[in-house]
Amino acid sequence: MRPEEEKFYLQWEKDRIIPHFKRKPFLRGLSISLSLGLLILIISETGWYERATMVGNMQGNEIWIVIAIIAFSLGFAWIYQQFTFEMNEQRYKELKYLKNKK
């Protein structure tokens, strides 16, 4: 194994035991999804898509759009966090297999 793989293996061997709620992947997913939500709001406010602007300008609809963006962002952040954990776990298992094979 290469030195960076060995370093990851040893680090993940310790980290996989603790609960897999990590702040960094959650915040990364949250920032990505909030950026997409902000892009949707900008498109809606500039009138780029007329039909979406008409629906978005209905009275009382602004709060629901913000709530939907926040809900989507939290869901996406949680999924991104789980995805990151599973990717690291898969990499750990592959390295463990290679280490045991030798």
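Odds and ends about this structure:
- Any pair with Cβ under 6 angstrom, 6 or more apart, that starts in the stretch 77-100 at a residue that is touching a residue at least 40 places away in the same chain (Cβ under 8 Å) and ends at one that is outside any helix (DSSP H, G or I) and not β-branched (Val, Ile, Thr): Phe85/His20
- Scanning the stretch 1-35 for residues that are over 20 Å from Lys93 (Cβ atoms) and in contact (Cβ under 8 Å) with a residue 40 or more places away in the chain yields Phe21, Phe26, Leu27, Arg28, Gly29, Leu30, Ile32, Ser33.
- Among the residues of the stretch 29-57, the ones that are outside any loop (DSSP other than H, G, I, E, B) and modelled with pLDDT under 80 come to 11 in all.
- The test for being under 20 Å from the mean Cα position of the chain (by Cα) and either exposed (fewer than 12 other Cβ atoms within 10 Å of the Cβ) or modelled with pLDDT of 90 or more (or both) does not hold for Phe26.
The values are calculated or read from the model by the stated rules, or taken from the named source; none is laboratory data. Computed from a predicted model, the values in this text were never measured in an experiment. Every residue, glycine among them, receives a Cβ derived from its backbone with ideal geometry; neighbour counts consider all protein chains shown.
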